Each structure stands twice: as structure tokens, then as C-alpha cells.
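Enquirer: Before we start, here is the structure in question, set down as C-alpha cells.
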Amino acid sequence: MDVREKIALFPHSPGVYRYYDAEGTVIYVGKAKDLHKRVAQYFVPPERLNRKTRILVSKIADAQYSVVDSEADALLLENNLIKQYKPRYNILLKDSKTYPWICVTADDYPKVFLTRRVVRNGSRYFGPYSSVMHARSLLEMFSDLYPLRTCNLKITAGAILRKKFRPCLEFHIGRCRGCCVGAVSKEEYGGWIDEIVTMLKGGGREMIQHYKMLMQQAAEALDFEQAEVCKHKMQLLQKHYAKSIITTAGDSDVDVFSLVCDVSEAFGNFLRIRGGAIVQSLNLGFKMNIEEEPAAVLSTFIAEVESKFGELSREVLVPYLPDVEIDGVTFRIPAKGDKLSLLELSHRNAMEMRRNALNQREHTDPEAYHTQVLEELRKAIGMKELPVHMECFDNSNIQGTNPVASCVVFRGGVPSKKDYRRFKIKTVVGANDFASMKEVVNRRYSRMLAEAPDDLPQLIVIDGGKGQLEFAWQALAELGLTERLTVVGLAKRLEEVIRVGDPYPLFIDRNSQALKLLQQIRDEAHRFGITFHRNLRSKSQVASALRDIPGVGEKTEQRLLLHYGSVARIAAASEEDLGAFLGKPELARRILEALTGEE
């Protein structure tokens, strides 16, 4: 049966579908609220699909499905199948680390320890912890609060009665109460474990209040020793939780997700809030092999966190709604207040993860890094082509004197200094930035059309606002280039991108690499132009000081500057020395009179 005929028989039910290639390998796994409608979206005219999805569809040789009861079940099944098959075209988790758990064993006298292996033997596991340091600090606090055993002995009531064990050094130094010899009852030891489990479940504040109450009760009963013990434990808990990040969200128990999507990867952050404190935080990266909607990537992230951390809170804060609904879970997009602050904190963590990944890629694989930044810029501006070749123009003058312009060139996202060009304004009189911009753009591209018509840039950046952009556009229109390239203005006041014909400026995320690239090329054009302007201004100042003197021409000026080094040193020379050097005493006298103002 043909694949199209097969998918026509898919039911209108929630479930998971799988695509296979000609060799029988799973190449894609997807979830759906309605299997029939979702799968049919792939088999439409090719021009309605993006390039990567067209490649996926061309390789589909077979399709199968599994029906489930709900969207939440479909999400979890999809996540498990992706981990099992690792399909080529799916969103794949980039993080392969195993995270530590805190284990509470199922013994008569349980042990509490750190492990990276989860064994289904009745023990209770809490975590995972993305920070090993955080998990170890919890164990240190438990060790200070309770004299728990650390040995591997199998302690049972029969072994204690038979006096099978002898107490170890931990007992003699007071770090263990001697479970192995029956020095502490099973009930008392179990009470310690119950309190530890309460704290591991996020009940730190609850335990602080509990010990505060016990301390007050002991003090009222004049049992001051017991009151001191409770006070010590309360202070230990307060000291530990003071190091934790306490949010301003009161005693809320919520989970927070944020996601930053790039072209081919996404970076997510998860925060778990219990009793107003962040008890767990996790950053995960995802690789997207076909273009995915952010809502679908967020659903994948949620499923991965749920598989690692267990059930979600009843309230989950998200930047936008995922493409699934989960029974018992309310997804909220906060608009203000403390919960918006939590979402912003999570977003900053995701952005920091993205920045670190890009910085690492910049050093390990610069070409891939720059390609990704250019793709981000292409999407931000709405270009069809990747802006591999970019040029930026900037004008420079002071009150209309020595007006110049600069053109800097970036190729592949990096400066190409051999292609930089400088222009002296020839046809414009006075300080007219708009007309100057039109002149240099016209000169630049009329020459390129004559000498290298195949080397035109994909993107032109104009340093300035609507006025400069409009005149640059007029120059390109006169050359017939408006359909062949994209031109934008970058205004410095708010770093907004101005587009021709668009009355509203485009504000690119200030933390994005795309905006930083635009700022870099704009700043480089400004630096190059201002350096050229300063050099011209210096030369004109020297020329006005020497060449206005009758008898001093360009060659005489050069001889004097090479010999004396500066105009100031020429003015400080004696008339005899200057006359001997020039061989013209009368000229020497005129020069000194002009430079010093003395007659």
C-alpha cells in the first residue's frame, strides 16, 4: 500500500506517528491531537513546505501510528520513542549527562546518599540535581542535623538481637547513634528520615517552623537542653536556606519554563519553585533538524523535564502555550508581578546558556558560528538570501568642512579590510548628510556594476535614520538595483532598524547576535570614516599654516616638515638656521613672521 493511501486510514484520535525510510529506519516521530489531520499536513504540494521538511517527506517510505488516551500520553510516548530511536529529523536533546539523585534506601534503618544510578528496589529517589554542589550541601546539612549511619551493613532486628555487629569509629566520635547495636530505636531513626524526606520535597520552611515550635515548647517546659538542640537545628536550616535563591513569589509552588529558539537549535531553562525558593534548576539544549514551531519545541522540553523530575506543578509558567494540554496542569503566561519576574529570571538563564554555546562555537568552529549569526540576521530583517556580503556607509564632517564618507565590507560575518573604501565628497556643498549619502552610494555601485557586477552585496547598512536611508535608496533606484539587494538603516538612538517603505522601525532583541553584528559593522564604518576625516583635517590645518605663505609650495612644505618634524618646531627655529636650510633668507623671514605673528 502506498504511504498516501496508508495515512488516509489514520484515525481522528490523539497518538504518535512514526515515519520510516526505505531501509526501515525510523526517521521521524511526532505527536498529534488528531493523527489523521496532522499527518496529512506533510503530504501537500511541495511549495507549501519548507526546504528541510520537503527533504524529510521525500524519504518517507512507510508510516505507522499508536493511539493513546490523551495529548499528555502522546507527549510522553513521543519523548520515549525519540530517546529509543534517535530519529534523524527530530528535535534531539543535546545534553547527554546523567544527573545525581539523593537516595533514601528502603532498609529498617535507611541510608541517605548521592548516586547517579536509579535502581528500582523500593528505595526513594529525589532529584535529579543539576548542581552536584547543591546536592552535596543538602547531605552535609542532613549530617549536621541527624546522626545518620553511613555503613553498608544489613541491619535487621535479628542481627541486633544476636549482637552481630560492633560499633565503629563513627559511633565513638558521635556522628552515628549506633543503629547496628540497637542504641537508637527504629521509630526515632524513622522520624529523622521523615523530616529529611519533607525537606527533600521542598519543605525547608515547614521544618524551620517545626523546630521553632519545638524550641518554644521545650523552653516553656523548662527543658532548656532540648530547646538548645531545637534552636541549633533551626539555625542550621536557616543558614542553609539563606544560601538558596529565595524568590519574591511568596510560598508559591510553581514550575517555570523558558525557551530561546535559534535557526537549528533551542536553549531551555527550567526552574522548580517550592515554598518560594528555587529548589531545582536545569538548562537543556535541543537540536532541530527540521523547522519546528516554538510551541512544539516547548512541549518536547516539558516532556523531558517531566521524565527527569516527575510530575509537574499544578501551575506552570511559560512564555507561550505549548501545543499540548496536560490534565491537572494549568499553563500561564504571566503579564506582571512576581510570576513575571520568575519567567524573566528563567529567560535570562536560557539566554546565558545560548550566549555560552555561541561563544564556545565561535572559538571551536568559527565558520558555523558566523553562518548561524547571519541566518539569525536574515530572519530578523526578512531577507531571502543569507547576507554573506554586507557593506555599511557612514558620513563624517565638522560643520561642512572636509566632508568624507566610508564604506566597510564584511564577508562571511567578518571584516574584509582589503575591500574598505574611502570617499571625498565632490558634488555636495556644506553639511548635507542626505545628499552626501546619495553621492557615495551612487559612486560605489555604479563603479561595481562596471567592474564587478557579480560581487554586489546582499545587504547594505546605512548609518542613520529615514533621511539617509531614503537618499541611499534613491541612488540604488537610479542604478536599477533595488530588486537585487536589501538596504536598511541603523539609527543609533534606540538601535532600531529602519526599512524602506515601512513606517514602523524594527527592534531586534538587544541580546541577539544579529543586532550585535549590525552594531559591529556600523561602528567599524564610523571608526574608519572618522579616522579618514581626522587625517584630512590635520593635513588641511598644516596646509593653511604653511602654504598660505607666499613662496611656500607643496615641495617646500614637505622639506620643512621632514626636517623639523612639526609646524611648532619650524616656528621655534632661528631665522639664520631656517634661512641656511632653505637657502633663501627672505623666505625664512616671511615664514617666521607668518607663524609667530611678529614683524
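Enquirer: Just one of [x] 239; [y] 300; [z] 153 is volume of the Cα convex hull per residue in Å³ as worked out from the coordinates here. Which one is it?
Expert: [y]
Enquirer: OK, next. Going through the stretch 307-391, which chymotrypsin sites (Phe, Trp or Tyr not before Pro) have at most 15 other Cβ atoms within 10 Å and a DSSP loop state? Don't skip to the end; give the middle numbers.
Expert: Working: sites: Phe309, Tyr320, Phe331, Tyr369; in loops: Tyr320.
Taking the stretch 307-391 and a limit of 15 other Cβ atoms within 10 Å, the loop chymotrypsin sites (Phe, Trp or Tyr not before Pro) found are Tyr320.
Enquirer: Just to confirm my numbers, what's the Cα centroid distance between the stretch 481-521 and the stretch 36-83 in Å?
Expert: Distance between centres, Cα-based: 37 Å.
Enquirer: Cross-link partners among aspartates and glutamates for Lys492, C-alpha distance below 20 Å, same-chain residues fewer than 8 apart left out?
Expert: Within reach: Glu391, Asp394, Asp433, Asp463, Glu470, Asp502, Asp509, Asp523, Glu524.
Enquirer: Can you tell me the order of 183-192, 40-49 when each peptide is scored by its average per-residue count of other Cβ atoms within 10 angstrom, highest first? Each step should come with its number before you reach the end.
Expert: Details: 183-192: 13.5, 40-49: 11.8.
Highest to lowest by the protection proxy: 183-192, 40-49.
Enquirer: Using 29 Å as the Cα-Cα cut-off, could you pick out the over-long pairs in Lys52/Lys466; Lys83/Lys379; Lys6/Lys33; Lys83/Lys516; Lys384/Lys438; Lys6/Lys308? Could you put the intermediate results ahead of the total?
Expert: Details: Lys52/Lys466 37 Å; Lys83/Lys379 31 Å; Lys6/Lys33 19 Å; Lys83/Lys516 36 Å; Lys384/Lys438 25 Å; Lys6/Lys308 35 Å.
Over 29 Å Cα-Cα: Lys52/Lys466; Lys83/Lys379; Lys83/Lys516; Lys6/Lys308.
Enquirer: For the stretch 454-493, run through the GluC sites (Glu not before Pro) and keep only the ones in DSSP coil with at most 14 other Cβ atoms within 10 Å of their Cβ.
Expert: Numbers: sites: Glu470, Glu478, Glu483; in loops: Glu483.
Passing sites in the stretch 454-493 are Glu483.
Enquirer: Treating the beta-carbon of each Lys and Arg as +1 and of each Asp and Glu as -1, no other charges, what is the dipole magnitude of the chain about its Cα centre, to the nearest 20 debye? It would help to have the intermediate numbers written out before the result.
Expert: Details: 84 positive and 78 negative charges, 275 e Å.
So the magnitude is around 1320 debye.
Enquirer: Let me ask you something else. Would you mind getting the Kirkwood hydrodynamic radius of the stretch 316-359 from its Cα pairs, rounded to one decimal in Å?
Expert: In the stretch 316-359 this quantity evaluates to 11.9 Å.
Enquirer: Grab the eigenvalues of the alpha-carbon gyration tensor for the stretch 254-361, scale each by 5, take roots, and send me the semi-axes largest first in whole angstrom.
Expert: On the way: eigenvalues 91, 53, 32 Å².
Equivalent ellipsoid of the stretch 254-361: 21, 16, 13 Å, largest first.
Enquirer: Using a simple charge model, +1 on the beta-carbon of Lys and Arg, -1 on the beta-carbon of Asp and Glu, nothing else, what dipole does the stretch 3-90 show about its Cα centre, in debye to the nearest 20? Intermediate values should be presented prior to the final figure.
Expert: On the way: 15 positive and 10 negative charges, 83 e Å.
Taking the Cα centre of the stretch 3-90 as origin, the dipole is about 400 debye.
Enquirer: Moving to a separate point now. Taking +1 at the Cβ of each Lys and Arg and -1 at the Cβ of each Asp and Glu, which of Ile60, Val404, Tyr42 sits farthest along the dipole of the chain towards its positive end, judged by Cα position relative to the Cα centre?
Expert: Working it through, the farthest residue towards the positive pole turns out to be Ile60.
Enquirer: Taking the Cα centre as origin and putting +1 on Lys and Arg beta-carbons and -1 on Asp and Glu beta-carbons, what dipole magnitude results for the stretch 376-536, to the nearest 20 debye? Numbers along the way, then the final one.
Expert: Values: 24 positive and 20 negative charges, 86 e Å.
Taking the Cα centre of the stretch 376-536 as origin, the dipole is about 420 debye.
Enquirer: For the Cα atoms of the chain, what angle does the longest principal axis make with the long axis of helix 224-243, in degrees from 0 to 90, nearest 10?
Expert: Compared with the principal axis, the helix lies near 30 degrees.
Enquirer: Go through Ala572, Val552, Leu592 and say which Cα lies farthest out towards the positive end of the charge dipole of the stretch 547-596; charges sit on Cβ, +1 for Lys and Arg, -1 for Asp and Glu.
Expert: Of the candidates, Val552 comes out farthest on the positive side.
Enquirer: Something else: For Lys86 and Leu161, FRET efficiency with R0 = 41 Å and r from the beta-carbon atoms, rounded to 0.05? It would help to have the intermediate numbers written out before the result.
Expert: On the way: r = 54 Å, r/R0 = 1.32.
The value I calculate is 0.15.
Enquirer: Roughly what % antiparallel, to the nearest 5, for the DSSP beta bridges in the stretch 376-536? Don't jump to the answer; show the numbers that get you there.
Expert: Working: 20 of 29 bridges.
Bridges in the stretch 376-536 that DSSP calls antiparallel: roughly 70 percent.
Enquirer: Ok, one more. Given the DSSP H assignment, sum -39500 (n - 2.57) over each helix run of at least 4 residues in the chain and divide by its residue total; what's the result at 222 nm in deg cm²/dmol, nearest 500? Mind dumping the intermediate values first?
Expert: Working: 20 runs with 272 residues, N = 599.
Counting only the DSSP helices, I get -14500 deg cm²/dmol.
Enquirer: Rounded if a/c is under 1.5, else prolate if a/b beats b/c, else oblate: with a ≥ b ≥ c from the C-alpha gyration tensor eigenvalues square-rooted, which is the stretch 376-536?
Expert: Numbers: a/c = 1.40, a/b = 1.26, b/c = 1.11.
Rounded.
Enquirer: Based on the mean of other beta carbon atoms within 10 Å per residue, what is the order of 21-28, 562-569, 301-308, most packed first? Don't skip to the end; give the middle numbers.
Expert: Values: 21-28: 14.8, 562-569: 12.1, 301-308: 20.2.
Packing proxy ranking, top to bottom: 301-308, 21-28, 562-569.
Enquirer: Amide H of Val487: which non-local residues (sequence gap of 5 or more, or other chain) have their own amide H closer than 5 Å, using H built in the peptide plane?
Expert: For Val487, whose amide H was placed from the backbone, the distant partners under 5 Å are Ile460.
Enquirer: What percent does the relative contact order of the chain come to when contacts are Cα pairs within less than 8 Å and at least six residues apart?
Expert: Value for the chain: 8 percent.
Enquirer: In addition: Taking the Cα atoms only, what angle lies between the long axis of helix 71-85 and the longest principal axis of the chain, rounded to 10 degrees?
Expert: 80 degrees
Enquirer: Oh, and also: Picking from Val256, Met207, Ala296, whose Cα lies most toward the positive end of the charge dipole for the chain (charges on Cβ: Lys, Arg +1; Asp, Glu -1)?
Expert: Highest projection toward the positive end goes to Met207.
Enquirer: So for the stretch 376-536, averaging the separation of alpha carbon pairs under 8 Å that are six or more residues apart and normalising by length, what relative contact order in percent results?
Expert: Numbers: 294 pairs, mean separation 43.2, N = 161.
The normalised contact order for the stretch 376-536 reaches 27 percent.
Enquirer: Additional query: For Lys164, which lysines qualify as cross-link partners when the Cα separation must be under 22 Å and same-chain residues fewer than eight apart are set aside?
Expert: The reachable lysines, counting only those whose Cα sits under 22 Å from Lys164, are Lys111, Lys154, Lys186.
Enquirer: With everything on Cα atoms, drop me the angle between helix 433-451 and the longest principal axis of the chain, reported from 0 to 90° to the nearest 10.
Expert: Its long axis makes an angle of about 90 degrees.
Enquirer: A further question on this structure: Per residue, how much space in cubic angstrom lies within the convex hull of the C-alpha atoms of the stretch 3-90?
Expert: Values: hull volume 7.5 nm³, N = 88.
Expressed per residue, the convex hull around the Cα atoms of the stretch 3-90 is 85 Å³.
Enquirer: Output the relative contact order of the stretch 254-361, whole-number percent, from Cα pairs under 8 angstrom with separation of 6+ residues.
Expert: Details: 167 pairs, mean separation 33.6, N = 108.
Result for the stretch 254-361 is 31 percent.
Enquirer: What number, in nm² with one decimal, is the all-direction average of the projected area of the convex hull of the alpha-carbon atoms of the stretch 262-320? Intermediate values should be presented prior to the final figure.
Expert: Values: hull surface 17.4 nm².
About 4.4 nm², averaged over all directions.
We did not get these values from a lab; they are worked out from the coordinates using the rules stated. Computed from a prediction, not measured in an experiment: that's the story for all the values here. Virtual Cβ from ideal backbone geometry, glycine too; neighbours counted across all protein chains shown.
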